[in-house]
1. Residues of segment 482-502 being among the small types (Gly, Ala, Ser) and open to solvent by less than 20 Å² (accessible area, probe 1.4 Å), which ones?
2. Condition first: free of Cβ contacts under 8 Å to residues at least 60 places away in the same chain, farther than 17 Å from residue 504 by Cβ and not aromatic (Phe, Trp, Tyr). Now tell me which residues in segment 436-467 satisfy that.
3. Hey, can you tell me all the residues within segment 104-118 that are over 13 Å from residue 146 (Cβ atoms) and out of contact with any helix residue (DSSP H, G or I) (no Cβ under 9 Å at 6 or more places or on another chain)?
4. Considering each of 385, 411, 457 in turn, give the residue that is in contact with an Asp or Glu (Cβ under 7 Å, 6 or more places away or on another chain), modelled with pLDDT under 90 and of a type in the set (Lys, Arg).
5. If the Cβ limit is 7 Å and pairs must be 6+ apart or interchain, which residue in segment 328-345 that is under 14 Å from residue 368 (Cα atoms) pairs with which residue that is modelled with pLDDT under 90 and open to solvent by 30 Å² or more (accessible area, probe 1.4 Å)?
6. Can you name every residue in segment 358-371 that is β-branched (Val, Ile, Thr) and surrounded by fewer than 22 Cβ atoms within 10 Å (Cβ to Cβ)?
7. Looking at segment 395-416 only, could you name the residues that are of a type in the set (A, V, I, L, M, F, W, C) and either buried (at least 21 other Cβ atoms within 10 Å of the Cβ) or farther than 19 Å from residue 455 by Cβ (or both)?
8. Looking at segment 257-298 only, could you name the residues that are part of a strand (DSSP E or B) and open to solvent by less than 10 Å² (accessible area, probe 1.4 Å)?
Amino acid sequence: MSFLEEIQKRRTFGIISHPDAGKTTLTEKLLLFGGAIQEAGAVKNNKIKKGATSDFMEIERQRGISVSTSVLAFNYKEKKINILDTPGHKDFAEDTFRTLTAVDSVIVVIDVAKGVEEQTEKLVSVCRMRNIPIIVFINKLDREGKDAFDLMDEVEQKLGLRVTPLSFPIGMGYDFQGIYNMWEQNINLFSGDSRKNIEETIAFSDVQNPELEKIIGEKPAARLREELELIDEVYPPFDRQEYLDGKLQPVFFGSALNNFGVRELLDCFVIIAPSPRPKESETRLVDPAETKLSGFVFKIHANMDPKHRDRLAFIKIVSGTFERNKPYYHVRQKKNLKFPSPNAFFAEKKEIVDISYPGDIVGLHDTGNFKIGDTLTEGELMSFKGIPSFSPEHFRYINNADPMKAKQLDKGVDQLMDEGVAQLFTLEMNNRKVIGTVGALQYEVIQYRLEHEYGAKCTYENFPVHKACWVKPDDAKNAEFKEFLRIKQKFLAKDKYGQLVFLADSDFTIQMTQSKYPTVKLFFTSEFD
């Protein structure tokens, strides 16, 4: 197969949603159709009987949530599909934002009863900023929930999307009978028995056909005809180019837990979803079809295999091919590196690959060379944009609870911060370490992982900070900046990269500081020019 054909067959996407909308379940059912797993881990009432394939950290099993982004690949209908499963929990939003820099399209999962929730709004707004193509999957149709039209209105209003349904439910909740698939013009009847792997579909090109009454009953048939007429009048016809430009979002209905409506989604997805797209670097737009390799690190995961202390850097390949044992240029470190065992992912399994193509995610064993946002090329000096650190929301001092294990603690904290689990600030005044996180649950994850992966114990102490502001003076030598350093010394720290950070205790302090020291600029993300 030629290089261009390899690019065309790849579909790399993320699944995003509010916690509990059924994202992990949908991921599993997609893997089931792709033949990547034999049996789905029944995820019910947050008590995971057999841990879901994509949730492999102990804390995720205990809580029934996805904490880290996992990469899952499978083949389906001659396409190679890479799913990036993202944490839905808002405490891990930063990991998800970074993952969205590595996908070419997304599927948004919405719970039929709860509709559009807060976390979904945030994530979709990030996708819209980048014009990422979006497909909406409305889940849990076998439960009582909102009306299908009301849900689509809500998606349009709250998420600012322009939708068009490509499948539509026949009844909802207790009356749910199945789905009319407009994309393929057939009816899929729901038996309510999730043990049956794949439901029977009945080809049905003409809904006016009197056979419809025999299949679903008189009233439901009349109602379906009315609803389909209304859809024709109200919603725009599906246009693939508009979808690819991020201007039109197709909607599918189904029940992931019952494996219903998922095949329709997948069959349409492999046809319409984009193959790898060009990506903007700081110097130019990089096209996937370029023959020279470029790629960037969007995630680092330590100790994926507890038996071996390994760190994997996840790299999204943007252009060219990534070959095993070939030297590539690490732009930030200005040196060439070789990778004898690059990994590809297949659900929980990793395998060593000789060659990977644009759109693929490769895991590279890392001894500390990589940080999030690093770029690999064949010598070109460029880096990809849009992988910033955000100001954390919570701050705590971290203390060593076992003086004999100081070395292990330092190493553990260092590695976890490289992964982007949280941010580390070292106070200028006394070198005390402060950990900043987006959500409070992160502290538990850090404590748990330090103990179980590094044999180190820590305790926390509250540190009353409102925001971390990255500091950039107009002139580092002027008197104003020197006075700022002297007056604010108690609240100054360095981040992991040695950048100066001002830890402000309130919005008021930030405003006062900015008016008192106008030449000292403060930023809420670490990526600024």
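The values are calculated or read from the model by the stated rules, or taken from the named source; none is laboratory data. Fair warning: this is a prediction, and the values are worked out from it, not measured in the lab. Every residue, glycine among them, receives a Cβ derived from its backbone with ideal geometry; neighbour counts consider all protein chains shown. Each accessible area value is taken on the protein alone, full model and side chains, heavy atoms only, with ligands, DNA and RNA left out. Shrake-Rupley method; radii C 1.70, N 1.55, O 1.52, S 1.80 Å.
1. Of everything in segment 482-502, just one residue is among the small types (Gly, Ala, Ser) and open to solvent by less than 20 Å² (accessible area, probe 1.4 Å), namely 493.
2. Across segment 436-467, the qualifying residues are 446, 447, 450, 451, 455, 456, 457.
3. Of everything in segment 104-118, just one residue is over 13 Å from residue 146 (Cβ atoms) and out of contact with any helix residue (DSSP H, G or I) (no Cβ under 9 Å at 6 or more places or on another chain), namely 104.
4. Values: 411 fails: in contact with an Asp or Glu (Cβ under 7 Å, 6 or more places away or on another chain); 457 fails: modelled with pLDDT under 90.
None of the others qualify; the one that does is 385.
5. Short answer, once both residue conditions are applied: 330/369; 333/369; 337/369.
6. Hit for segment 358-371 is 367, nothing else.
7. Correct list: 395, 398, 409, 413, 416.
8. Answer for segment 257-298, where residues must be part of a strand (DSSP E or B) and open to solvent by less than 10 Å² (accessible area, probe 1.4 Å): 260, 281, 286, 294, 295, 296, 297, 298.
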